[in-house]
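Here is the structure we will look at, set down as structure tokens.
The values are calculated or read from the model by the stated rules, or taken from the named source; none is laboratory data. From a predicted model like this one, the values you see are computed outputs, not experimental measurements. Note that each Cβ is placed from the backbone with ideal geometry, even for glycine, and that neighbours are counted across all protein chains shown. Accessible surface is based on the protein model in full, side chains and every heavy atom, while ligands, DNA and RNA are left aside. Shrake-Rupley method; radii C 1.70, N 1.55, O 1.52, S 1.80 Å.
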Amino acid sequence: SHQAARAQKADPACALSSMPRPLAASTHGALSRKCCVRFVAGADLGVVATADIEPGELILEELPLFLLRAGELAQAAAQGRDAQEALIRSRLEHVHTAGQDAFWALADCHSTDGQKTALGVFKTNAIAGSANVDSHSGVYRLGARFNHSCKPNVNRCWIESRKRQVFVATQDIVAGQELCVYYVDPKGVSDERQAALKRDFNFVCRCEACSLSGSARARSDELHREYQSLDKTIPTLARDPEDAIEKIMRVLEIIQEEFDGDPHMAQRAFYDGFQMAVLAKDFDLAATLMQRAHEARLLAEGDSEEAAEMRRYAEDPSMHPLVSSSGSTSASVPPCLEHGAPQRRGRPNGKRQFCEDFGGPCECDDCGVLPPPPPRPPAAVQGASPEARTDAQASVGGAVLSGSEVHASGASGGATLDFAAMD
């Protein structure tokens, strides 16, 4: 409701009031002692809890067996399957024997004659990593063992500052329960998710969300469609940030109702709200929204340099590049957002980068070669601007992100709007 959204604007903490506060995550080099890999019904191997796990607990932090850059994969794909197979096998040759054995022990859902190929194993199990221009996909011995659910209880992401993939519990998990991530974009309606899973991983999902029927399924799909519509509309409202904030609060309501308060999705919504609050020159609200974005990121990813960056912005929003370089508490709207095209999300790194799920590049003149952000205004606390990250469509435990995961933001007049930085 609009009245609820307006009330939440005054107190954005209400939007996810039931979300647990983050726990301090420790660093593990192996699977947590609270879970193990074992056979699970209907899915061969999976990760299962051996003790109760709380939201925010680190399950796994893992180095890849090997990485392949997006450019390498694209070049090999242009040359055909044999070139892709040769590329993966050449990289695998540099992996130690135990790692090679672990790679070939993974599933190949693309095999038609029972014979595994390196390409098939890679496509089934690779996990997308870095979301910058040097994006890559990697294969993980344990990370590939997490099975899929459209309502996962674990979030996975690449932590650039540690060069590792991390898996963090996002829900209360009881002993004996399976730990799951998502392989496809969870924002799609049930038929879209099922089609993608069948096409890319050759199975039919029977998770809680996909087992709904009748009015319950219709309600679920309705909320997914509303989320998608709002997600496309919000970036067009840079000239009306108050309306955008109201819609963002509705997004947070949907995340709570339909996605169990997923902190990975929430952090992006809170971050979008922060940017709109800055544009509205409501810096108290901006600080509150960034604090909630920081808390959600801790729950989704654990502590990191990237999370600490957000904490510094919560303490002093004027540190953010969106605030003009003059030091005044004002911000300008990038020209590429003026016309409201949702795909127009550039990023000020001097390279053309485009958001895959919006189907094409921004066509405005400002998104050709973008300048770097201006120097920050003097402030008591210093810190580098956060890296843009998007994992929402990256696939896990057998998933490969097709193409770049980069979402960019337009820059002009000393301001940067990055509506997908937390995606």
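Restricting the range 228-244 to residues that are buried (at least 19 other Cβ atoms within 10 Å of the Cβ) and within 22 Å of the chain's Cα centre (by Cα) leaves a set whose member that is farthest from residue 43 (Cα to Cα) is 244. Can you confirm whether residue 60 is within 26 Å of residue 261 (Cα to Cα), in contact (Cβ under 8 Å) with a residue 60 or more places away in the chain and part of a loop (DSSP other than H, G, I, E, B)? When the stated conditions are applied, residue 60 does not pass them. Scanning the range 120-171 for residues that are assigned to a strand (DSSP E or B) and basic (Lys, Arg), which turns out surrounded by the fewest Cβ atoms within 10 Å (Cβ to Cβ)? Ranking the candidates gives 164 first.
Considering the conditions (1) touching a residue at least 24 places away in the same chain (Cβ under 8 Å); (2) over 29 Å from residue 164 (Cβ atoms); (3) in a helix (DSSP H, G or I), residue 284 is excluded by exactly one of them, (1). Within the range 101-117, the set of residues being open to solvent by 60 Å² or more (accessible area, probe 1.4 Å) and not charged (D, E, K, R) comprises 104, 110, 112, 114, 115. None of 295, 306 is surrounded by fewer than 24 Cβ atoms within 10 Å (Cβ to Cβ), touching a residue at least 24 places away in the same chain (Cβ under 8 Å), touching a Pro at 6+ places or on another chain (Cβ under 8 Å) and under 28 Å from residue 154 (Cβ atoms) except 306. What single numbered condition from (1) loosely packed, with under 13 Cβ neighbours inside 10 Å; (2) under 28 Å from the mean Cα position of the chain (by Cα) fails to hold for residue 81? Failed condition: (2). If only residues of the range 309-330 that are within 19 Å of residue 235 (Cα to Cα) and open to solvent by less than 30 Å² (accessible area, probe 1.4 Å) are counted, the one that is modelled with the lowest pLDDT is 323.
The residue that is surrounded by the fewest Cβ atoms within 10 Å (Cβ to Cβ), counting only those in the range 198-227 that are assigned to a helix (DSSP H, G or I), within 21 Å of the chain's Cα centre (by Cα) and modelled with pLDDT under 95, is 200.
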